[in-house]
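Before any comments, here is the structure.
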Amino acid sequence: MGYPLVTIVNSTNFTAEGQVQYLACSSDSFVIAPFTTWKANSNRGICLVTEIIGHMTLAGEKEVMLKKYKSSGTAYSQFTIIQTAPEMFEVTRRVMSTLADDYVEDINEPVNQG
């Protein structure tokens, strides 16, 4: 048994491209069309997510870097790309989902008290 496959929802009007990086494991690359969901196709086993990096391709082929998701290593598997301002985007962990395997308790993940 391992952790659920990483899933990223692109909630923007633009195409996202990047990588999911794991602790001591091979990374997964993604290209996500607007308003669609990408799911890793490789079994992540016990690999913890350390970073999700990438860029958005805007009109006119302009590329804007995503504010990356960074962790010392998390078992979480559900993420979303959101637009925070004009030409500003970030990857964030999804905390609400209808997917049964969305919640994996990670005792090493800090809790945001703000």
Does G45 fit the bill of being at pLDDT 95 or above and of a type outside the set (D, E)? no
Which residue is surrounded by the most Cβ atoms within 10 Å (Cβ to Cβ), if the candidates are limited to the range 82-96 and must be farther than 13 Å from V64 by Cα and of a type in the set (D, E, K, R)? R94
For the range 53-66, does any single residue satisfy the condition of being acidic (D, E) and either surrounded by 16 or more Cβ atoms within 10 Å (Cβ to Cβ) or touching a Phe, Trp or Tyr at 6+ places or on another chain (Cβ under 9 Å) (or both)? no
Those residues that are in a strand (DSSP E or B) and more than 16 Å from I53 (Cβ to Cβ), I need them from the range 74-98; list them, please. Q78, Q83, T84, A85
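The values are calculated or read from the model by the stated rules, or taken from the named source; none is laboratory data. All values derive from a computational prediction rather than experimental measurement. When we count neighbours, we look across all protein chains shown, and the Cβ atoms used for this are built from the backbone with ideal geometry, even at glycine.
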